[in-house]
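Report on one structure; see the data block that follows.
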Amino acid sequence: MDETDETAGAAKGAAGSGGESAGTVKGAAGSGGEAVRRSARTPQIVGAEALALWVASRLGIVVLAAASAQALLAEGGTVAPFPERWKHWDAGLLAVVAEHGYGGDPSREPDEGLPAFFPGMPLALRAVSLITGDWWLAGLLISLVAGAVAVVALARLAEFEGPPGAGWRAVLALLLWPMSVFLFAGYSESLFLAFAIPAWLAARRGRWPLAVLLAAGASCVRITGLFLALALIVEFAVQRRPLREAPWLAVPFLPLAAYSAYQYGRTGDWMAWKTAQEAGWGRTMVWPWESLSATWDSAMGDGQFAWAFRMELAGAAVGVALVAVLLLLRRWSEFVYVGLQVGALICSAYYLSIPRSALLWWPLFLLVARASTPGPRWRTGVVAVYALVLGPLAVFHTMSFMEGAWVG
């Protein structure tokens, strides 16, 4: 074959099955079936940019921790070892489950809230602690590695959705989110995202066996895996996949069923995780206006948690706005994923951990990335407001968390 034949063959191959042009994919249909332009930037470049931002942000938190420690020492205070400064709140409860199981520490009163934590993170803690010999360091390492996987997947998803160059912007939007401290601490957010975002990317690319297996991993980590599993069903329908592939969609529900069966064997309650939420945090279901009223009253008060409840109100506003935008854009699967979470959160007895839960709403960061790409002048304003307002809040909450304050 001469050079002319090779050129002709390449041009013919670029048309692909169905005649789509090179550089354009046919939508992996998702969310409305619109055509998605594939970035010319390689996955390696996109991943490297994401990792660079991730490492730089982690080093920035270490610097903040060092500065905070110096300030405490200058005031005559004492500073705990670095890993122990991250053991507060849920990080400590996850370590209790990892060490003692759902019965809790036998030397203390039983904690009825422990079944609210799905087993994925405690199992990971137990495994990594065999190497580190320290629960808190194990949690930090899990979040470090899992977060790296998550941001690379987020960047590649943003590039897949377009426009080109959106990858690093989506990662930056995630890292500047006010509650991004929970991607550093030994919480379950990073581990969940390390499964969930690659699962979504695989689904968007039409790689459904991989997508559902990764989603099953996410279901081991948080109840949010249920919403992901339901959203995948919608994405499957939007893509008009063959019905013979539909049985795959049951896979993400299997860990949820297994965990419910395990807790039933322990407690006789199929919904032990929900009962634990009620017992440990008073999170019962109410009408949304009742929840709004209770949270508003707490936010307008003078108690030590007033600021936290104000953040909860802001997080709820962002969530409702995001759901409305996804509905307007007819991004049906993402609408289901985010909408179910927001609905559950604003129908709780009071708003709790909504800004932290927003770390799991990757459609938000994809939209911010798209809005911040070069174009009309108003987009520059989006970037400036996002960075100048949310960035300092992220720093404030990181410092507060290390000092043991409740920040969500």
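Values computed for the structure shown
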{"quantity": "Choice from ALA146, ALA257, ALA185 showing the highest fluctuation, given a GNM over the chain with Cα pairs closer than 10 Å", "calculated": "ALA257"}
{"quantity": "Relative packing of peptides 173-183, 246-256, 74-84, 351-361 - highest average C-beta neighbours within 10 Å first", "calculated": "173-183, 351-361, 246-256, 74-84"}
{"quantity": "Global geometry of the range 128-225, whether rounded, prolate or oblate, following the gyration tensor of its Cα atoms and the 1.5 cut on a/c", "calculated": "oblate"}
{"quantity": "Global form of the range 40-129, assessed from the alpha-carbon gyration tensor, a/c cut-off 1.5", "calculated": "oblate"}
{"quantity": "Formal net charge of residues neighbouring MET271 (Cβ-Cβ distance under 15 Å; K, R +1; D, E -1)", "calculated": "0"}
{"quantity": "Convex hull of the range 177-279 built on C-alpha atoms - directionally averaged projected area, nm²", "calculated": "8.0"}
{"quantity": "Kirkwood Rh, Cα atoms: Rg over Rh of the chain", "calculated": "0.99"}
{"quantity": "The range 121-202, accessible surface, carbon-and-sulfur percent (1.4 angstrom probe)", "calculated": "75"}
{"quantity": "Global form of the range 223-281, assessed from the alpha-carbon gyration tensor, a/c cut-off 1.5", "calculated": "oblate"}
{"quantity": "Within the chain, helix-based [θ] at 222 nm, where runs of 4 or more DSSP H residues each add -39,500 (n - 2.57), nearest 500", "calculated": "-20500 deg cm²/dmol"}
{"quantity": "Probe 1.4 Å, protein heavy atoms only - accessible area per residue of the chain in square angstrom", "calculated": "46"}
{"quantity": "For CYS220, net neighbour charge (Lys/Arg +1, Asp/Glu -1) across residues whose Cβ lies under 15 Å away", "calculated": "+1"}
{"quantity": "Options SER353, PHE396, ALA314, ranked by Cα towards positive dipole end of the range 308-408, top entry (Cβ charges)", "calculated": "ALA314"}
{"quantity": "Mean separation of Cα contacts under 8 Å (6+ apart) over length of the chain, as relative contact order %", "calculated": "20"}
{"quantity": "Kirkwood hydrodynamic radius of the range 66-178, from inverse mean 1/r over distinct Cα pairs, in Å", "calculated": "16.7"}
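The values are calculated or read from the model by the stated rules, or taken from the named source; none is laboratory data. From a predicted model like this one, the values you see are computed outputs, not experimental measurements. All Cβ positions, even for glycine, are placed from backbone atoms using ideal geometry, and neighbour counts span all protein chains on display. We work out accessible area using only protein heavy atoms, side chains counted, and drop any ligands, DNA or RNA first. Shrake-Rupley method; radii C 1.70, N 1.55, O 1.52, S 1.80 Å.
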